[in-house]
Amino acid sequence: MAIEDIALPTIIFSFVFIGLHLFIGIKIILKYFSDPKKEFISVGLAWIFLSMIWWGVPFYMISVFLKARFPDALYLTVGLGMPMIALLFWIISVSSLVLPKYKKLIILIFSIICISYEAFFFIFLFQNQEIIGYVLGGFYFYPSLITLIAVFFISIVGLIFACLLARELLKAEDRRVNLKGKFLILAFITLIIGAILEIFLPLELLTFVFARSILLIAAILYYFGFFLPDRIANLVIKK
């Protein structure tokens, strides 16, 4: 099925998914003003930067409205350049919360990795774009082998640090806090599964909707990990 044939579900799922991501990220950042901990800002930014992987559709819609196609470099930058920055914000957040003793060393190591990757990314983005990836149908991008490896690296490291955070939450005596930790783990696992399916499954209507549905579930689980509704908490804990 051609990319044009799935334009409508692409638009619907992308806007819902991005809107939910932005809502969660901004809400986490705003929590800083009631509980001034810098980790809320970095966690919120991590989630917003991560959502940029799926910003291709809004950019495409804007370009159609303006009748001026954006360069492929923009889509590749948003889709493949921002996830590493999201990972860095996530690592800053988690290391500050659960690994304060090694915080500076961890942040230094991953800052070097992040800067190195971004330097590599932008050098080849303008010199030999195929080394980064390519854009299909005006907005749907595919990573190259190198950037695909980077995506797997981001996924694995992000999941490891999510597990570290969840482990601390699971140690708490408060069952509600324990439940938040479980939701965070499920959110990252679901997010990784959804992202992998979207990359490797054929670009068809059913597979696309299936992958995006999993990603929407991941966003909801992530929300529960930080803003667990009383109704959900009472229902799960009672069971």
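Restricting attention to the range 78-123 and to residues that are among the β-branched types (Val, Ile, Thr) and modelled with pLDDT under 90, the residue that is nearest to ALA162 (Cα to Cα) turns out to be VAL98. Within the range 94-110, being over 18 Å from ILE149 (Cα atoms), part of a helix (DSSP H, G or I) and of a type outside the set (Lys, Arg) holds for VAL94, SER95, SER96, LEU97, VAL98, PRO100, TYR102, LEU105, ILE106, ILE107, LEU108, ILE109. Of the residues that sit in the range 137-165 and are modelled with pLDDT under 85 and out of contact with any strand residue (DSSP E or B) (no Cβ under 8 Å at 6 or more places or on another chain), which one is surrounded by the fewest Cβ atoms within 10 Å (Cβ to Cβ)? Residue satisfying both the conditions and the ranking: GLY137. In summary, ILE185 fulfils each of the numbered conditions (1) modelled with pLDDT of 85 or more; (2) surrounded by fewer than 19 Cβ atoms within 10 Å (Cβ to Cβ) with the single exception of condition (2). Can you name every residue in the range 56-82 that is touching a residue at least 12 places away in the same chain (Cβ under 8 Å), touching a Ser or Thr at 6+ places or on another chain (Cβ under 8 Å) and more than 20 Å from LEU148 (Cβ to Cβ)? VAL57, PRO58, ARG69, listed by residue number.
Applying the criterion of at least 2 residues that are touching a Pro at 6+ places or on another chain (Cβ under 7 Å) to the helices (runs of 4 or more DSSP H) found wholly in the range 159-239 leaves 205-226. In this structure, is LEU228 touching a strand residue (DSSP E or B) at 6+ places or on another chain (Cβ under 9 Å), surrounded by 16 or more Cβ atoms within 10 Å (Cβ to Cβ) and at pLDDT below 85? The answer is no for LEU228.
Evaluation of ILE85 against the conditions (1) in contact (Cβ under 8 Å) with a residue 40 or more places away in the chain; (2) surrounded by fewer than 20 Cβ atoms within 10 Å (Cβ to Cβ); (3) under 15 Å from VAL151 (Cα atoms) shows that the sole unmet condition is (1). Residues in the range 29-42 that are modelled with pLDDT under 90, in a helix (DSSP H, G or I) and not charged (D, E, K, R) were compared, and the one that is nearest to the chain's Cα centre (by Cα) is PHE40.
The values are calculated or read from the model by the stated rules, or taken from the named source; none is laboratory data. Please read these numbers as outputs of a predicted model, since none were measured by experiment. In this analysis, Cβ positions are derived from the backbone assuming ideal geometry, glycine residues included, and neighbour counts consider all displayed protein chains.
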